[in-house]
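Single-structure report; data block below.
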Amino acid sequence: MGGVESLVSQPIATSHYRLTPEGRAQRGISDGLLRLSVGLEDAGDLIADLEQALDSLAD
């Protein structure tokens, strides 16, 4: 974290991995929660990448 690129991470595997499932639930952190940190990419490129990723989930 802290770079200039956009990143998608899953808090249960990164920032909150030490919490118990109950502790995460108390904080509203579900197992399916994703964090998007937006970097310096062109907005159009980032939107296109996200659309492509989401479309691939629908298949």
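Summary of computed values
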{"quantity": "Cβ-placed point charges (K, R +1; D, E -1), dipole of the chain about Cα centre in debye, nearest 20", "calculated": "620"}
{"quantity": "CD proxy at 222 nm, helix term only [per DSSP H run n ≥ 4: -39500 (n - 2.57); per residue of the chain; nearest 500]", "calculated": "-11500 deg cm²/dmol"}
{"quantity": "Charge context of Leu57, other residues only, Cβ under 14 angstrom, K/R +1, D/E -1", "calculated": "-4"}
{"quantity": "Rounded percent of accessible protein surface that carbon and sulfur make up, the chain, 1.4 Å probe", "calculated": "56"}
{"quantity": "Furthest towards positive pole of dipole, Pro21, Ser37, Ala48, structure part the chain, Cβ charges", "calculated": "Pro21"}
{"quantity": "Gyration tensor (alpha-carbon) shape descriptor, the chain, a/c threshold 1.5", "calculated": "oblate"}
{"quantity": "Two-site label geometry, Glu22 and Leu46: point separation in nm, points 7 Å out along Cα→Cβ", "calculated": "3.9"}
{"quantity": "Folded to 0 to 90 degrees: helix 43-58 orientation relative to the chain principal axis, Cα", "calculated": "60"}
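The values are calculated or read from the model by the stated rules, or taken from the named source; none is laboratory data. All values derive from a computational prediction rather than experimental measurement. Cβ atoms come from the backbone with ideal geometry, glycine included; neighbour counts cover every protein chain shown. Please note that ligands, DNA and RNA were not included when accessible areas were found on the heavy atoms of the full protein model with its side chains. Shrake-Rupley method; radii C 1.70, N 1.55, O 1.52, S 1.80 Å.
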